[in-house]
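The values are calculated or read from the model by the stated rules, or taken from the named source; none is laboratory data. Because the structure is a prediction, the values reported are computed rather than measured. Glycine gets a Cβ as well: all are built from the backbone with ideal geometry, and neighbour counts include every protein chain shown. Side chains are part of the model used for accessible areas, which takes the heavy atoms of the whole protein and leaves out ligands, DNA and RNA. Shrake-Rupley method; radii C 1.70, N 1.55, O 1.52, S 1.80 Å.
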Amino acid sequence: MKSIQKEIFLKHEGDNWYLRNKKNLNYKNLNNKILISRVSKLLKKKKLNVLEIGCSNGNNLVNLKKIRKNCNYFGVDPSRKAINILNKKKIEGRVGTADKLDFKDNSMDIIIYGFCLYLCDISLYDKIFKEAYRVLKKKGHIVIFDFYSKKKFTFNYVHDLRIRTIKRDFKKIFLKKNSFILKFEKFFLYNKIFKKNNVKNKDKVSLSILQRRY
């Protein structure tokens, strides 16, 4: 099956998303504080390799680097424009998507998925799991910060109606094969994180941390 959404993001929507949102990406909002605070607790004194998928221009990675300078940081995003900006910040960025990571086996200690899984093709979930498992070191961690819903449901992406977005429990993508264990989970309301009063309270977000078993 052809991955239509992936191709749309790689061709133009990745860049379009970045251009629409770049003015707000460096704002230290609650979203950044929640994610950075939790990830920073995983950063030990020893040198770690940290990868963020859907990193855009790398604001999260830049802030993490300020906390732990001795770690190595990498970013992946479908937007070439955003990755060009990230590389100028002296963080290695690569154009790509979650289902095909251009990194060696067992090379990362932490993989972060920040509000990107809800835009991925459902048909690619298995590949996303396999790539995370391949790239992550034993006992490494996955951090997922995304929309949450007990029941799966999809809706149109307002910027391109060919794209279907999904709300679900994204940690189940990785837990289903018993290769990861859930170490931490906390729920938030989307409108409070982003301070948007016009968003219904039922829109939930979860921050989940999983650890690779072996």
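Quick notes on this one:
- Given (1) at pLDDT 95 or above; (2) open to solvent by less than 70 Å² (accessible area, probe 1.4 Å); (3) not charged (D, E, K, R), number of the condition Trp17 does not satisfy: (2)
- Any pair with Cβ under 6 angstrom, 6 or more apart, that starts in the stretch 82-106 at a residue that is assigned to a loop (DSSP other than H, G, I, E, B) and ends at one that is of a type in the set (Lys, Arg) and surrounded by 15 or more Cβ atoms within 10 Å (Cβ to Cβ): Asp99/Lys127; Asp102/Arg94; Asn106/Lys137
- Annotation note: of Lys65, Lys41, Lys69, Lys46, the sole residue that is touching a Lys or Arg at 6+ places or on another chain (Cβ under 9 Å) and either open to solvent by 20 Å² or more (accessible area, probe 1.4 Å) or under 21 Å from Lys186 (Cα atoms) (or both) is Lys65.
- Residue pairs meeting the criteria (Cβ under 8 Å; at least 6 apart or on separate chains; first farther than 18 Å from Phe74 by Cα and open to solvent by 10 Å² or more (accessible area, probe 1.4 Å), in the stretch 107-122; second assigned to a helix (DSSP H, G or I) and among the β-branched types (Val, Ile, Thr)): Cys120/Ile128; Asp121/Ile4
- Taking the stretch 143-166 as the range and being hydrophobic (A, V, I, L, M, F, W, C), in contact with a Phe, Trp or Tyr (Cβ under 6 Å, 6 or more places away or on another chain) and either under 18 Å from Leu207 (Cα atoms) or open to solvent by 100 Å² or more (accessible area, probe 1.4 Å) (or both) as the test, the residues that pass are Ile144, Phe147, Ile166.
- Residue list for the stretch 126-139, filter: touching a helix residue (DSSP H, G or I) at 6+ places or on another chain (Cβ under 9 Å) and open to solvent by less than 20 Å² (accessible area, probe 1.4 Å): Ile128, Phe129, Ala132
- Single match in Asn70, Asn59, Asn49, Asn63 (criterion: polar (S, T, N, Q) and more than 20 Å from Ile144 (Cβ to Cβ)): Asn70
- All conditions in (1) outside any loop (DSSP other than H, G, I, E, B); (2) touching a Gly at 6+ places or on another chain (Cβ under 7 Å) hold for Lys138, with the sole exception of (2).
- Which numbered condition Lys130 fails, given (1) within 25 Å of Asp15 (Cα to Cα); (2) at pLDDT 95 or above; (3) of a type in the set (D, E, K, R): (1)
- Residue among Ser56, Ser40 that is of a type in the set (Ser, Thr, Tyr) and under 14 Å from the mean Cα position of the chain (by Cα): Ser56
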